Structure formats: structure tokens, C-alpha cells
Amino acid sequence: MASQKIFFFTFGVFILITSSCSTPKPIFNLGEVPLIPLPTNVEPSDEILLIDHIKSIQVKTLEPSLLRMADDLKSFWKNYTKNELTIVTDGEDHAITFEIESENFDEVEAYELQIESDEVNIKAGTAEGIYRGIKTLEQLVVLSHLHANSNFLSLPGGEIEDHPSFEYRGAMLDVARHFFSVADVKRYIDLLSSYKINFLHFHLSDDQGWRIEIKSWPKLTEIGGQSEVGGGTGGFYTQEDFREIVQYANDRFITIVPEIDLPGHTNAALASYAELNCNGKATELYTGIEVGFSTFCVDKEETYEFVDDVIREISEMSPGPYFHIGGDESHVTPEEDFNRFMDRTLEIVKKYDKIPMGWYELITADIPEETLLQYWAKSADFSKVIPKKSKILMSSASYNYLDMKYDSITPLGLHWAGYLPVKKAYDWDPRSLVPDLDADQIIGLEAPLWTETIEDFDDLALMAFPRIIGHAEIGWTLKKRRNWEDYSQRLSYHGSLLDHLEVKYYGAEEIDWK
Ligand code: ACM
């Protein structure tokens, strides 16, 4: 009897030791991974996936975009696990499998991610859904890698079911006040896509600079592209550059929204072509930061030839549905002229098969019902939107503007809309911010980064991060699943992720950074 007890005791200890050696515990339970955006539903299981058990990526649905994603995930996996995966199309165990099941998913971006002891499955109704699922898996891997003290050997099992709260989750970059290179824009796109942002609005022209080559009006970039705030040399995207950015964004399921701000904010164009001015004289290039002093000449036919050529050339390079025509702060364009100008410009947008988008000031014109209006500041006029039933994109200066200083000692940024600390930027609801609007008018939210004081990528990153991460969660995660206490805990793990990527961020004191 005694020897039997000794045998069972010894055997038990042996099993305990071998099992704890062969299945190292993941650093997080699946229900506690500090994922951002927080998924819709997470069901942890007792299973553990050993990283070394994964041998391949299996692309069950043969779509070129899935094969490209498999290639990208293969590089990612090598980077974080050292393991070299093969890409296969069928019959593989021990695989990360991508499968499109259109009949099982109603929403374009919805996906399921299952992690079992020897496989991972990502299922969705579309390639875009698969992509969102891959981003969740990658975040789980990076967070595990960074927080397991380089001893990252396993992932927690379970299932995630996920879909976004809003269809439009955007960022805006002002490349007119300061120019940003193609490489900078791609780097921003990578970061945005890792947090499931799906639109990048490009503010391509303003008083201080014209940033996109227009072949039929070459002086726009020869003259208007050569200035920026503070007197720097500016810069511009050739059409090849622009196409490259659009493709790069497209591959990451981010739609580029081009904006040419009209009829105000146009000094760079007015300085490039004398004939666009009512008095026939070109203006001087402008490098200050005042707004509201420029306007196109509404009564000249050349103005509309110009607008037509610009919208045509940019639309040809932009597969996305929207063309943004600005419309903000046209303080020196009388309202009647503004409306006349916009009526013709809206016709041109329609001619090139785009949905018009504009800052809320567009509401005084006769806008088509499908127009997407961008709310940025409180205005008595804004209630006029309601009868038009237009869709609204929330970009409140007080909650969304990434160029607002965090606090009084932030070295960069402006504060005309107040300070925007990390908690304030997170803790609000786009569907109820403006009481005049119906919740179902709100298509989503967009965080603009105006660049009067932002000169390079480090500046951009310091103002965007971490606020854009909270913004991404507001866009993706259902309101009832979100609260500041839980979010700020999860965010505390993302500082090391940004450090690892050498992305600057504002180390807000209210976060207990891990
Ligand atoms: C804006 O901030 N002028 C849209």
C-alpha cells in the first residue's frame, strides 16, 4: 500500500513537472489581454497554444489579398517568434487558417478568431474582416512578447467575436501646413491600421501649401508646393507618390479621402495662378497661421475649369467613395457667393462619381442628401442639418483635434478649443455629443491633426499617441463595453508597444504605464 502511494505521488509530481515544462502558461488569459480596441465578445478557454506548434499559414480562400496578408503575417511571425512559417492553401494541421465564409457574417469588418491548442482560425465574411482579425492576433502576440520578459512561448486559448460600432473610424493629416514624406505617411498608416482605423483623410491644400501634383496646372506644385508654415521648403506628392500611398493604405484596408479645401484656404493656389484671382494678380506665398483671408473668384469661369481639372485628376487616383471639398472658414466669401460656388463644385464632384464630403459650413449650400458633413465646432447653423438628414462625421475640436495641447505645458500644439487630456479624448460618445443630431445620423468619427506646430514624425506621434488609440476604441468598441477605468488599464500596456516601435507618445501621468 505504502509503495503504491509513493508510486502515485511520484507519478503525479512527474506529470505536474512535465506538463508545466511542456505547456508554459501564457502571460495573459484571453479575457484579460489588454487589447485595444476591446473586442465585442471574448470567451477564454483552458487551452494553451504553444507558439512552436504553429508551422504554417493556411489560406483556404484563394484571394490575392489573403495571400498578401499571409505573406505579411509570415514576416511578422518570424520577427516576434523566430519561427519560419510556410504558406499553404489546404490540408494543414498546426496552422493559422484564413477562411472567408460570406454566408456566416453580415458585417463587412466582422471576424472570429479562435485559438486552440494547436491551431488558430480567422474567419470573416470578407478579406477586410480577415485583416481586422489578423490585427487582433498580432496585437496579442506583440503584447505577449513584450510583457513576458522575452520568454514568450504560448498564447491563451479561446474565441473572439468582433465587429465595429461605427463604419467610419478616421484620422486626418494636414500635409499643407507642414509637408510629410511618403515614408512618414506610410508609417502613420501602419500604426492606424494596427488599431483598426479605416479612413485617412488627407488635407492636401491650404493657404500655406499645395501638396499634390496636378498635371494640367503644374504651377500649383512648382510655386504653391514650395512653402509651408515658418518658411520651410514645403514639398508635394507626385501623382506616382500619391498612387503609392493610396495603394499602401488600400492594402491595409484604409481608404484615403482626398481634400482640396475650397473656396477659402486657397492662398497657395492663388499665389500659383494669377488668373484665379478676381484682380488677375497672383498673391504672395503665405507662411503664417492665420485663417479665413483667402477666396477663389466665384464669378470667373476659369475657377470652375480649375476645380473640374483638380477634382478629375485626383478622383482618377482615388478609389475611395468620398471627395472632400473643404468649405470651412471662408470668411471673405459672401454667403451667396459661397453657395453659388459650392453648387457648381458639388455638380463637379457628382460628375466624377464621388460622394461629396465637407466641413459643416457646407450646409448653407444646396447639398445632395448623400453628402457627408464633418462636424468640428459648435454652430447655430448646425441645426439646419437635421431636416436634410445628412450623415455626420464627428470631428469635434474639443474632443477629436489631436493638435490641441494635452495641458498647459505641452510643448507643441494649439489650445483655442481648450486642452485635450487623454481621459477627455476617450471618455465621450459620438452619438450623444451634439444633442441636435439623431444618433443614427452619426456615421463615425475622425481625429484631425492640423500641423501648424507639427514639423516632423516625432511631433506628429507625440500629439497623436496615445489619444488616437482611444479614438480608435471609441470607433470600434460598443459604447456599453467601454469605460475609462478599464481602458486606461489596457492602455498602460501600449506604451511599451510604442517604445518598441520607436514611436514617441505623450506619457500622460493619469496612466500607470507598464
Ligand atoms: C477647421 O478646423 N477649420 C475645420
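Among the numbered conditions (1) closer than 23 Å to Lys219 by Cα; (2) surrounded by fewer than 22 Cβ atoms within 10 Å (Cβ to Cβ); (3) touching a residue at least 40 places away in the same chain (Cβ under 8 Å), the only one that His331 does not meet is (1). For region 404-416, does any single residue satisfy the condition of being touching an Asp or Glu at 6+ places or on another chain (Cβ under 7 Å) and within 13 Å of the ligand (Cβ to nearest atom)? Checked against the condition, which is being touching an Asp or Glu at 6+ places or on another chain (Cβ under 7 Å) and within 13 Å of the ligand (Cβ to nearest atom), region 404-416 yields at least one hit.
Scan region 148-198 residue by residue and report those that are closer than 27 Å to Gly209 by Cα, in contact (Cβ under 8 Å) with a residue 12 or more places away in the chain and assigned to a helix (DSSP H, G or I). Hits for region 148-198 are Val182, Asp184, Val185, Lys186, Arg187, Tyr188, Ile189, Asp190, Leu191, Leu192. Of all the numbered requirements in (1) under 21 Å from the mean Cα position of the chain (by Cα); (2) away from the ligand (no atom under 13 Å from the Cβ); (3) at pLDDT below 95; (4) aliphatic (A, V, I, L, M), Ile355 misses one, and that requirement is (3).
Going by the conditions given, is Ser75 part of a helix (DSSP H, G or I), surrounded by fewer than 19 Cβ atoms within 10 Å (Cβ to Cβ) and modelled with pLDDT of 95 or more? Lay out the reasoning, then the answer.
Working: part of a helix (DSSP H, G or I): yes; surrounded by fewer than 19 Cβ atoms within 10 Å (Cβ to Cβ): yes; modelled with pLDDT of 95 or more: yes.
Judged against the criteria, Ser75 is a match.
For region 269-314, taking the residues that are within 16 Å of the ligand (Cβ to nearest atom) and small (Gly, Ala, Ser), the one that is farthest from Thr333 (Cα to Cα) is identified as Gly288. Just one of (1) away from the ligand (no atom under 16 Å from the Cβ); (2) farther than 23 Å from Phe296 by Cα; (3) free of Cβ contacts under 8 Å to residues at least 40 places away in the same chain fails for Gln441. It is (3). Ile469 - would you say it is in contact with a helix residue (DSSP H, G or I) (Cβ under 7 Å, 6 or more places away or on another chain), farther than 12 Å from Met404 by Cα and surrounded by 18 or more Cβ atoms within 10 Å (Cβ to Cβ)? The answer is yes for Ile469.
Assess whether Glu329 counts as being acidic (Asp, Glu) and either within 16 Å of the ligand (Cβ to nearest atom) or under 20 Å from Ser379 (Cα atoms) (or both).
Working: acidic (Asp, Glu): yes; either within 16 Å of the ligand (Cβ to nearest atom) or under 20 Å from Ser379 (Cα atoms) (or both): yes.
Spelling it out, Glu329 is indeed acidic (Asp, Glu) and either within 16 Å of the ligand (Cβ to nearest atom) or under 20 Å from Ser379 (Cα atoms) (or both).
Candidates Asp429, Asp366: the one that is surrounded by fewer than 22 Cβ atoms within 10 Å (Cβ to Cβ), outside any helix (DSSP H, G or I) and modelled with pLDDT of 95 or more is Asp429. Residue pairs whose Cβ atoms lie under 6 Å apart, sitting 6 or more positions apart in sequence or on different chains, and linking a residue in region 35-64 that is closer than 21 Å to Gly91 by Cβ to a partner that is buried (at least 16 other Cβ atoms within 10 Å of the Cβ) and among the aromatic types (Phe, Trp, Tyr), are Val59/Phe98.
Can Tyr248 be described as of a type in the set (Ser, Thr, Tyr), surrounded by fewer than 19 Cβ atoms within 10 Å (Cβ to Cβ) and more than 22 Å from the chain's Cα centre (by Cα)? Walk me through it before giving the result.
Details: of a type in the set (Ser, Thr, Tyr): yes; surrounded by fewer than 19 Cβ atoms within 10 Å (Cβ to Cβ): yes; more than 22 Å from the chain's Cα centre (by Cα): no.
Spelling it out, it is not the case that Tyr248 is of a type in the set (Ser, Thr, Tyr), surrounded by fewer than 19 Cβ atoms within 10 Å (Cβ to Cβ) and more than 22 Å from the chain's Cα centre (by Cα).
Restricting attention to region 98-118, the residues that are surrounded by fewer than 19 Cβ atoms within 10 Å (Cβ to Cβ) and within 27 Å of Asn83 (Cβ to Cβ) add up to 4. Across region 497-507, a minimum of one residue is classified as free of Cβ contacts under 8 Å to residues at least 24 places away in the same chain, under 25 Å from Tyr80 (Cβ atoms) and either surrounded by 22 or more Cβ atoms within 10 Å (Cβ to Cβ) or not acidic (Asp, Glu) (or both).
Can you pull out every residue in region 323-341 that is over 28 Å from the mean Cα position of the chain (by Cα) and among the hydrophobic types (A, V, I, L, M, F, W, C)? It would help to see each step written out before you state the result.
Let us first name the residues in region 323-341 that are over 28 Å from the mean Cα position of the chain (by Cα), namely 331-341.
Across region 323-341, the qualifying residues are Val332, Phe338, Phe341.
Give Ser383, Ser398 a once-over and let me know the one that is farther than 29 Å from Tyr273 by Cβ, more than 16 Å from the ligand (Cβ to nearest atom) and either at pLDDT 95 or above or assigned to a helix (DSSP H, G or I) (or both). Among Ser383, Ser398, only Ser383 is farther than 29 Å from Tyr273 by Cβ, more than 16 Å from the ligand (Cβ to nearest atom) and either at pLDDT 95 or above or assigned to a helix (DSSP H, G or I) (or both). What are the pairs with Cβ atoms under 6 angstrom where one residue, in region 100-122, is free of Cβ contacts under 8 Å to residues at least 60 places away in the same chain and within 17 Å of Pro44 (Cβ to Cβ) and the other, located anywhere, is charged (D, E, K, R) and surrounded by fewer than 21 Cβ atoms within 10 Å (Cβ to Cβ)? Sequence gap at least six, or different chains. Hits for this filter: Glu112/Glu161; Gln114/Glu159. Within the option set Lys196, Lys186, being of a type in the set (Lys, Arg), within 30 Å of Leu137 (Cα to Cα) and buried (at least 22 other Cβ atoms within 10 Å of the Cβ) holds for one residue only, Lys196.
The values are calculated or read from the model by the stated rules, or taken from the named source; none is laboratory data. Predicted, not measured: the structure shown is a model, and the values here were computed from it. As a convention, Cβ positions derive from the backbone with ideal geometry for all residues, glycine included, and neighbour counts pool all protein chains shown.
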